[in-house]
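Trainee: Have a look at the structure that comes next, please.
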Amino acid sequence: EAQVTQNPRYLITVTGKKLTVTCSQNMNHEYMSWYRQDPGLGLRQIYYSMNVEVTDKGDVPEGYKVSRKEKRNFPLILESPSPNQTSLYFCASSSLRQVREGSSYNEQFFGPGTRLTVL
Amino acid sequence: ILNVEQSPQSLHVQEGDSTNFTCSFPSSNFYALHWYRWETAKSPEALFVMTLNGDEKKKGRISATLNTKEGYSYLYIKGSQPEDSATYLCAPVNSWGKLQFGAGTQVVVTP
C-alpha cells in the first residue's frame, strides 16, 4: 500500500531534550516536505527536499533540522525543543514533474501527523 | 511567502444545498493550484491539481475552476452531504516551485 508513515504519532517532551520525528514514504517520490499546523495559521512549511542530499528552508525553519540521506526517509530533528514548537506536524511527499522553469509538484501525499507537546 | 487567501473562513451548509468558496492567489508567476480536503483527525488528501487558465476539474459532487489571469479558484460542492464536512485547503505553486497553503475554508454540513 502506497503510504507516508510518521513516528511517533504522539510525543510529550521537555524543553531542551533533543528529539527526532521520522518520516518514510514507499512511493519513490523525489519531493518530501515537513509542515506544522497551528490553530488559525494553516499549514506552514518547515523544510523541504527535492531529492537525496538536497534540502531547503521553508517558511518557518528556525529550531529545526532535516536530512535526506535516502530517498524514502526525511527525518525532522529538533535539537533543543522549546514550548513554541508544540504543534501538529505533517510530513508529505510527491513526485515531481519537469516544467520549463525547472520542477513542480504533483499532488502531495501526507503522513498521519505527529502531535508534539513541549513542556 | 505567497499571499494566499481563502474565503470564507468557515461556512455552514444544510444537507442537500450546494455551496462554493474561493481561493485567491498572486497571478504573477503562477504555475499550478492544488486543492486538498482535510477531515478532522485525518491527514489532508489531494482533490485536484490544476494548471491551465479556464481549467475545470470534477470529482463526484465536488468541482473546481481556475482563473490564472485574475488569480482565483472556486471550489463547488453540489448537493452537500454530512461526509463533505471538512476543511478545504488550496495551495498555489509559483513558477519557482514555491508552494503555499491557504488557511482553509471549514465546511460544516448539517442534516
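Trainee: Would you confirm whether any residue within region B:28-46 is at positive phi, more than 9 Å from chain A (Cβ to nearest Cβ) and buried (at least 19 other Cβ atoms within 10 Å of the Cβ)?
Mentor: No, every residue in region B:28-46 fails to be at positive phi, more than 9 Å from chain A (Cβ to nearest Cβ) and buried (at least 19 other Cβ atoms within 10 Å of the Cβ).
Trainee: Could you tell me which numbered condition A:Thr15 fails, if it satisfies all but one of (1) loosely packed, with under 14 Cβ neighbours inside 10 Å; (2) more than 14 Å from chain B (Cβ to nearest Cβ); (3) within 25 Å of B:Lys98 (Cβ to Cβ); (4) in contact with a Ser or Thr (Cβ under 7 Å, 6 or more places away or on another chain)?
Mentor: With respect to (1) loosely packed, with under 14 Cβ neighbours inside 10 Å; (2) more than 14 Å from chain B (Cβ to nearest Cβ); (3) within 25 Å of B:Lys98 (Cβ to Cβ); (4) in contact with a Ser or Thr (Cβ under 7 Å, 6 or more places away or on another chain), A:Thr15 is out only on (3).
Trainee: So which residues in region A:38-53 are out of contact with any Asp or Glu (no Cβ under 9 Å at 6 or more places or on another chain) and either of a type in the set (A, V, I, L, M) or buried (at least 18 other Cβ atoms within 10 Å of the Cβ) (or both), if there are any at all?
Mentor: Matches in region A:38-53: A:Leu41, A:Gly42, A:Leu43.
Trainee: Here's another thing I want to ask about it. Considering only residues that are in a strand (DSSP E or B), over 23 Å from B:Asn3 (Cβ atoms) and either of a type in the set (D, E, K, R) or at pLDDT below 95 (or both), which ones fall in region B:31-86?
Mentor: Matches in region B:31-86: B:Glu45, B:Glu56, B:Lys57, B:Lys58, B:Lys59.
Trainee: Here's something else I'd like to know. Name the strands (runs of 3 or more DSSP E) wholly inside region A:1-48 in which the number of residues that are free of Cβ contacts under 8 Å to residues at least 60 places away in the same chain is 1 or more.
Mentor: The strands (runs of 3 or more DSSP E) meeting that bar are A:19-25, A:31-38.
Trainee: Just a yes or no: is a residue in region A:61-75 in contact with a Lys or Arg (Cβ under 9 Å, 6 or more places away or on another chain), away from chain B (no Cβ under 14 Å) and crowded, with 21+ Cβ neighbours inside 10 Å?
Mentor: yes
Trainee: Same structure, new question: Please pick out the residue among A:Leu88, A:Leu78 that is more than 12 Å from chain B (Cβ to nearest Cβ), in contact (Cβ under 8 Å) with a residue 40 or more places away in the chain and not polar (S, T, N, Q).
Mentor: Result: A:Leu78 is the single residue among A:Leu88, A:Leu78 that is more than 12 Å from chain B (Cβ to nearest Cβ), in contact (Cβ under 8 Å) with a residue 40 or more places away in the chain and not polar (S, T, N, Q).
Trainee: Going residue by residue through region B:50-60, is there one that turns out to be touching a Pro at 6+ places or on another chain (Cβ under 6 Å) and either touching a residue at least 60 places away in the same chain (Cβ under 8 Å) or within 11 Å of chain A (Cβ to nearest Cβ) (or both)?
Mentor: no
Trainee: Another question, if that's okay. Suppose the filter is free of Cβ contacts under 8 Å to residues at least 24 places away in the same chain, polar (S, T, N, Q) and more than 13 Å from every other protein chain (Cβ to nearest Cβ); does B:Ser63 pass it?
Mentor: yes
Trainee: Looking at region A:18-29, can you tell me whether even one residue there is at negative phi, among the small types (Gly, Ala, Ser) and surrounded by fewer than 21 Cβ atoms within 10 Å (Cβ to Cβ)?
Mentor: yes
The values are calculated or read from the model by the stated rules, or taken from the named source; none is laboratory data. The model shown is predicted, which means the values in this text are computed figures rather than measured ones. Note that each Cβ is placed from the backbone with ideal geometry, even for glycine, and that neighbours are counted across all protein chains shown.
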